[in-house]
1. State the number of residues belonging to region 164-188 that are touching a helix residue (DSSP H, G or I) at 6+ places or on another chain (Cβ under 8 Å), hydroxyl-bearing (S, T, Y) and either farther than 22 Å from S204 by Cβ or part of a helix (DSSP H, G or I) (or both).
2. Among F307, F248, which is the only one that is part of a strand (DSSP E or B), in contact with a strand residue (DSSP E or B) (Cβ under 9 Å, 6 or more places away or on another chain), hydrophobic (A, V, I, L, M, F, W, C) and surrounded by fewer than 18 Cβ atoms within 10 Å (Cβ to Cβ)?
3. For residues that are among the hydrophobic types (A, V, I, L, M, F, W, C) and more than 34 Å from the chain's Cα centre (by Cα), scanning just region 263-275, find the one that is farthest from K225 (Cα to Cα).
4. Would you say T315 is in the same structural domain as S255 (by TED's automatic domain parsing), touching a Pro at 6+ places or on another chain (Cβ under 6 Å) and not basic (K, R)?
5. Sort through L292, L335 and tell me the only one that's outside any strand (DSSP E or B) and touching a Pro at 6+ places or on another chain (Cβ under 6 Å).
6. Working carefully through the options I272, I279, find the one that is in the same structural domain as A127 (by TED's automatic domain parsing), modelled with pLDDT under 90 and in a strand (DSSP E or B).
7. Give the residue, chosen from L224, L228, L215, that is over 19 Å from D117 (Cα atoms) and either hydrophobic (A, V, I, L, M, F, W, C) or modelled with pLDDT of 95 or more (or both).
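The values are calculated or read from the model by the stated rules, or taken from the named source; none is laboratory data. This is a predicted model, so every value here is computed, not measured. Every residue, glycine as well, gets a Cβ built from its backbone with ideal geometry; the counts of neighbours run over all protein chains shown.
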Amino acid sequence: MELENVEKVATEEIEACEDLDQLNETRVKYLGKKGLIQGFMSKMRDLTNEERPKFGALVNKIKSAVEEKIRIAQEKLEEKKINKKLESEAIDVTLPGYKFNTGVIHPLMQTIEEIEDLFIGMGYEIAEGPEVEEDLYNFELLNLPKDHPARDMQDTFYINPNTLLRTHTSPVQARTMQAKKGEPIKVICPGKVYRRDDDDATHSHQFMQVEGLVLGKDISLADLKGTLHEVAKKIFGDERTIRLRPSFFPFTEPSVEVDVSCFKCNGKGCPICKNSGWIEVLGAGMVNNNVLKMNGYNPDEIQGFAFGIGVERFTMLKYGIEDIRNFYMNDTKFLNQFKGVK
């Protein structure tokens, strides 16, 4: 009678449990090692041999019944817990969505992509090379032997006497000529370059370049001017014109500085162009015969031109940016100005 009463009370307590913690406490109370049902097993020693089997079977029957009731109650409480959680996480699909801040292509990369799109459309290939470069490709194969005074124009980060951080992307041109073995070439070489310079509003120890090289038969200075005119119109507007001024670079002869008509005053004169109507934007020229010979080309059969674009300078002029350091500060307020400008 006492044992059967335990089952009745246990059932009532199990059904009264409101959460899994209460149910677990009830399980321990009745089914634990020191629980009430287990306690009846210790009374078997007071029974006769005939009574023990019947009593043991009854204890196990009641124990199994209580375990089953607890299992059923646990399933119901777990389902109740899940439903309650789902109710609290319900989504109102009529609410407005969250605003996510999107990134923006860096202004320097936007300029590079514009230049790449233009030249790919004109049949050029894009060539790349290592930023840690050999002296041979960075200087010597570009008509700059070790004792050449023009090396003083480029303060260089040397790793050892024959290895350096490239000072321009021209070594990519040398590597391309070496690989092409006398064949015609139309490539641009975008990339990062390094020079020992003090950082200020207009100078940086690292910056981006896009250099170009064209080699073939009957290539002339007029081809160079026409190509650079297209670049000026692409970056600064269709109304732009250019002019070439004599200059000197060891790897080109003749060499020129290229000016573009001021996009602020249309050549009338303003503070941006220093009242000249023109803004200097890049250097270029016809590939020096010595460079052609050193890289496996016959100057009597193949001619060509090369040019170098400073990406930061182009971008600063295009968008009116006064400090080159803005490109490298990761200032989101500055960078967000360029969302959707391309």
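1. Number of matching residues: 1.
2. F248
3. Filtering region 263-275 down to residues among the hydrophobic types (A, V, I, L, M, F, W, C) leaves 263, 265, 270, 272-273.
With more than 34 Å from the chain's Cα centre (by Cα) added as a condition, the list becomes 265, 270, 273.
Details: C265: 22, C270: 25, C273: 21 Å.
The qualifying residue farthest from K225 (Cα to Cα) is C270.
4. Details: in the same structural domain as S255 (by TED's automatic domain parsing): yes; touching a Pro at 6+ places or on another chain (Cβ under 6 Å): yes; not basic (K, R): yes.
Against the criterion (in the same structural domain as S255 (by TED's automatic domain parsing), touching a Pro at 6+ places or on another chain (Cβ under 6 Å) and not basic (K, R)), T315 qualifies.
5. Numbers: L335 fails: touching a Pro at 6+ places or on another chain (Cβ under 6 Å).
After applying the criteria, what remains is L292.
6. I279
7. Going through L224, L228, L215 in turn, just one is over 19 Å from D117 (Cα atoms) and either hydrophobic (A, V, I, L, M, F, W, C) or modelled with pLDDT of 95 or more (or both): L215.
Let's see how each residue does on (1) more than 17 Å from D19 (Cα to Cα); (2) outside the structural domain of L228 (by TED's automatic domain parsing); (3) at pLDDT below 90:
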| position | (1), (2), (3) |
| --- | --- |
| K80 | no, yes, yes |
| N83 | no, yes, yes |
| L95 | yes, yes, yes |
| T111 | yes, no, no |
